[in-house]
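Asker: Input: one structure, supplied below.
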Amino acid sequence: MSLNVQWYELMWRGEKTHEFRRRYLTGTPTQWFVYLTAPTSTLCAVIDLDAAIEDTPERIAQIADQMRPGNGDTVLPYLARDGKEVGYALPIRRVREFTGFSADELDQMLDGSFAAPQGYTLVDRHPAWQAVCDKLVSAPVVRETTIDPLP
C-alpha cells in the first residue's frame, strides 16, 4: 500500500497509532509493505498491523480523534464517501525501515510492470511482488520502532 511521507513520519514520532482505510482484510494481523509516495517514491518499510477494527465511519472517526484530536474531522468524510457504511482502523504495532527500492528499481525488478500501488496487493498471490518483498526484508533494518496502543 502507498502512504504519504507526512503520515509515515507521524508514526516515527508516536503520533500515528492507526491507519484508516475504506476497505481492508479483517480477522487477522497483517504486514504492510509501504511504498512512500512522491517525491520519495520508494518501497522502504514494513509495518506490522493488528487485525483491522471494522466499524461505522463514525466509530472509526472516534478512534482517529482519540489518536490525534481533530483527526476524525478528515477521517469521517473519507470513510463515509459515496455512502459507505463501514470503515477500518488498522492498529500499528511495529515499523521497520529499510534502504528500500526506488520506483525505477521496482520497475526493473518487476520486468517493467511497476505502477505505484493504488490500494493493497496480497503479496502471497503475486510471486514477483513476493520476491521483491523478500529482498526488502533481507536487508539490514535502518531504523525500527514499536507503537503503543491507544489507552
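Asker: Restricting the search to the range 112-138, which residues are of a type in the set (A, V, I, L, M), surrounded by 12 or more Cβ atoms within 10 Å (Cβ to Cβ) and without any contact (Cβ under 8 Å) to a residue 60 or more places away in the chain?
Answerer: A128, A131
Asker: Would you confirm whether any residue within the range 28-41 is surrounded by 18 or more Cβ atoms within 10 Å (Cβ to Cβ) and over 25 Å from V137 (Cα atoms)?
Answerer: Checking the range 28-41: not a single residue is surrounded by 18 or more Cβ atoms within 10 Å (Cβ to Cβ) and over 25 Å from V137 (Cα atoms).
Asker: Let me ask something else about it. Sort out which residues of the range 94-128 are closer than 11 Å to Y35 by Cβ, under 17 Å from the mean Cα position of the chain (by Cα) and hydrophobic (A, V, I, L, M, F, W, C), and write them in order of number.
Answerer: Answer for the range 94-128, where residues must be closer than 11 Å to Y35 by Cβ, under 17 Å from the mean Cα position of the chain (by Cα) and hydrophobic (A, V, I, L, M, F, W, C): F101, A115, A116.
Asker: What's the total number of residues in the range 139-151 that are touching a residue at least 60 places away in the same chain (Cβ under 8 Å), loosely packed, with under 13 Cβ neighbours inside 10 Å and not in a loop (DSSP other than H, G, I, E, B)?
Answerer: Going through the range 139-151 one residue at a time, the tally reaches 1.
Asker: Can you say whether P77 is exposed (fewer than 15 other Cβ atoms within 10 Å of the Cβ), modelled with pLDDT of 95 or more and either of a type outside the set (D, E) or within 17 Å of V5 (Cα to Cα) (or both), as far as the supplied structure shows?
Answerer: Spelling it out, P77 is indeed exposed (fewer than 15 other Cβ atoms within 10 Å of the Cβ), modelled with pLDDT of 95 or more and either of a type outside the set (D, E) or within 17 Å of V5 (Cα to Cα) (or both).
Asker: Checking V86 against (1) farther than 30 Å from V132 by Cα; (2) in contact with a strand residue (DSSP E or B) (Cβ under 7 Å, 6 or more places away or on another chain); (3) surrounded by 19 or more Cβ atoms within 10 Å (Cβ to Cβ), only one condition comes out false. Which one?
Answerer: Against the list (1) farther than 30 Å from V132 by Cα; (2) in contact with a strand residue (DSSP E or B) (Cβ under 7 Å, 6 or more places away or on another chain); (3) surrounded by 19 or more Cβ atoms within 10 Å (Cβ to Cβ), V86 comes up short only on (3).
The values are calculated or read from the model by the stated rules, or taken from the named source; none is laboratory data. Everything numeric in this text was worked out from a predicted model, so none of it was measured. Positions of Cβ are backbone-derived with ideal geometry, glycine not excepted, and every protein chain shown enters the neighbour counts.
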